[in-house]
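The values are calculated or read from the model by the stated rules, or taken from the named source; none is laboratory data. Keep in mind that this is a model prediction, so the values were computed, not measured. Here Cβ is always computed from backbone atoms with ideal geometry, including for glycine, and neighbour counts include all displayed protein chains.
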Amino acid sequence: MSAATPSHYRLILGIDTSCDDTGVGVVELAPDGSLTVRSNRVWSQTVHARYGGVMPELASREHVERIADITTDALEQAGVSLADIGAVAATSGPGLVGALLVGLMYGKGLAQALDVPFYAAHHLEGHIHAAAAEGDLHAPYLALVVSGGHTHLFDVPSEGQYVLVGATKDDAAGEAFDKIARLAGLGYPGGPAISDAATRGNPDAVPFKEPLQGQKGFDFSFSGLKTAALLAHRAGAKPEDLAASFQRMAVQFLVKTTVRAADATGRDTVVVSGGVAANRALREAFARTGLNVVFPGAGLNTDNGAMIALAGAAALREGRRASPLDGGASAYAPLANA
């Protein structure tokens, strides 16, 4: 951690348009390196509900229509003006390329107009840094990013270093939540729908089998659970029972695999971030592990701009060079660097 940070970099504006949420946030970086989220504004698109999943072209159009207003809202919430911003960060990948380009080009334009550094941020690093706002988090630790598009487990031996420990072999956990919720007629997005329905269901009603039993590594898989859910639905399982049974197995699988990885790496701190990290059952299960588990605060679990501002602040704090303005967006961008 750098002990001194130039005062004019004090406020960082972050932008995320990687999928179907238009997020802009402002983070304050203090001279001692501590971070404070000053604002976090997110426009969650509802146009995709009728399709049961995100339509890329519609997502891009919505970002174009909303980004200027959301930026204004974020600045007003933070109580600052554009002239106060000392650096800009925007997600460059991974994500939907058309959607990414909206926020990326908007962020570059702001940075160029303000004559301040620009940082192209990795979406998963943003999710990991979302937990930084919850306290003085220092490496080493494990980081589980579990969302609609990602299920990745990283070892973080030092600041800015990410070693991929495990990842999903097929669907992301959040994607499985969405598809099973749609199958059961519970609505979209699937995470909150499954969580709510599960409180009224019997978790023993559908006998899901744990995926990848006996594996030596720390990977994830959710395609088998989707198939089992489809068969149970066709056999007449009640939506609430299907939700409760699936949620219990998905949570058990995520927690059990992460605990094994913590034992193998000797880490006693685990960061759990991403949209699925908001799931109450997942949080309660991790609380019973005895590990020091850090979750992002309210509003920082799902995709948002504040987490990208936090990633930009970390780059400044660690003395990383600003990103070139000619860099592009990438649908596939591995985070691991070891």
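Taking the stretch 226-239 as the range and being assigned to a helix (DSSP H, G or I) and surrounded by fewer than 20 Cβ atoms within 10 Å (Cβ to Cβ) as the test, the residues that pass are Lys226, Thr227, Leu230, Leu231, His233, Arg234, Pro239. The listed residues are Ala193, Ala184, Ala176, and the only one of them that is in contact with a Leu (Cβ under 8 Å, 6 or more places away or on another chain) and under 20 Å from Thr258 (Cβ atoms) turns out to be Ala176. Return the total of residues in the stretch 32-41 being in contact with a helix residue (DSSP H, G or I) (Cβ under 7 Å, 6 or more places away or on another chain) and at negative phi. Summing the residues that are in contact with a helix residue (DSSP H, G or I) (Cβ under 7 Å, 6 or more places away or on another chain) and at negative phi in the stretch 32-41 gives 6. Quick check: is even one residue across the stretch 283-291 in contact (Cβ under 8 Å) with a residue 24 or more places away in the chain and outside any loop (DSSP other than H, G, I, E, B)? Taking every residue of the stretch 283-291 in turn, at least one turns out to be in contact (Cβ under 8 Å) with a residue 24 or more places away in the chain and outside any loop (DSSP other than H, G, I, E, B).
State the number of residues belonging to the stretch 1-26 that are aliphatic (A, V, I, L, M) and modelled with pLDDT under 95. Number of matching residues: 3.
Is there a residue being over 26 Å from Ala333 (Cα atoms) and not in a helix (DSSP H, G or I) anywhere in the stretch 50-72? No: zero hits. Scanning the stretch 95-125 for residues that are farther than 24 Å from Pro56 by Cα and surrounded by 24 or more Cβ atoms within 10 Å (Cβ to Cβ) gives a single hit, Tyr119. In the stretch 136-155, the residue that is nearest to Asp303 (Cα to Cα) out of those that are in contact with a strand residue (DSSP E or B) (Cβ under 7 Å, 6 or more places away or on another chain) and surrounded by fewer than 22 Cβ atoms within 10 Å (Cβ to Cβ) is Leu137. Looking at this structure, is Leu212 among the aliphatic types (A, V, I, L, M), in a loop (DSSP other than H, G, I, E, B), modelled with pLDDT of 95 or more and surrounded by fewer than 20 Cβ atoms within 10 Å (Cβ to Cβ)? Answer is yes for this residue. Only residues that are of a type in the set (Gly, Ala, Ser) and part of a loop (DSSP other than H, G, I, E, B) were counted across the stretch 267-282, and they come to 1. Residues in the stretch 163-191 that are touching a residue at least 60 places away in the same chain (Cβ under 8 Å) and under 14 Å from Val251 (Cα atoms): Ala173, Gly174, Ala176, Phe177, Gly191. Do we have Gly327 as assigned to a loop (DSSP other than H, G, I, E, B), in the same structural domain as Ala176 (by TED's automatic domain parsing) and exposed (fewer than 14 other Cβ atoms within 10 Å of the Cβ) here? It is false that Gly327 is assigned to a loop (DSSP other than H, G, I, E, B), in the same structural domain as Ala176 (by TED's automatic domain parsing) and exposed (fewer than 14 other Cβ atoms within 10 Å of the Cβ).
Say we look at the stretch 240-264 and pick out the residues that are touching a residue at least 12 places away in the same chain (Cβ under 8 Å) and over 23 Å from the mean Cα position of the chain (by Cα); which of these is surrounded by the most Cβ atoms within 10 Å (Cβ to Cβ)? Even if it seems obvious, please write down each step before you answer.
From the stretch 240-264, those touching a residue at least 12 places away in the same chain (Cβ under 8 Å) are 240-262, 264; that's our starting set.
Filter once more, so that each one left must be over 23 Å from the mean Cα position of the chain (by Cα): 240-242, 244-245, 264.
Details: Glu240: 19, Asp241: 20, Leu242: 28, Ala244: 24, Ser245: 24, Ala264: 14.
Among residues in the stretch 240-264 that are touching a residue at least 12 places away in the same chain (Cβ under 8 Å) and over 23 Å from the mean Cα position of the chain (by Cα), the one surrounded by the most Cβ atoms within 10 Å (Cβ to Cβ) is Leu242.
When you check Leu29 against the structure, is it at pLDDT 90 or above and touching a helix residue (DSSP H, G or I) at 6+ places or on another chain (Cβ under 6 Å), yes or no? Yes, satisfied.
Any residue at all in the stretch 189-201 that's surrounded by 14 or more Cβ atoms within 10 Å (Cβ to Cβ), in contact with a helix residue (DSSP H, G or I) (Cβ under 9 Å, 6 or more places away or on another chain), under 11 Å from Glu240 (Cβ atoms) and among the acidic types (Asp, Glu)? Checked the stretch 189-201: at least one residue is surrounded by 14 or more Cβ atoms within 10 Å (Cβ to Cβ), in contact with a helix residue (DSSP H, G or I) (Cβ under 9 Å, 6 or more places away or on another chain), under 11 Å from Glu240 (Cβ atoms) and among the acidic types (Asp, Glu).
Name the residue, out of Glu57, Glu62, that is of a type in the set (Asp, Glu) and either buried (at least 17 other Cβ atoms within 10 Å of the Cβ) or in contact with a helix residue (DSSP H, G or I) (Cβ under 6 Å, 6 or more places away or on another chain) (or both).
Glu62
Residues that are over 20 Å from the mean Cα position of the chain (by Cα) and either in a helix (DSSP H, G or I) or touching a residue at least 40 places away in the same chain (Cβ under 8 Å) (or both) within the stretch 98-115 comprise Met105, Tyr106, Lys108, Gly109, Leu110, Ala111, Gln112, Ala113, Leu114, listed in sequence order.
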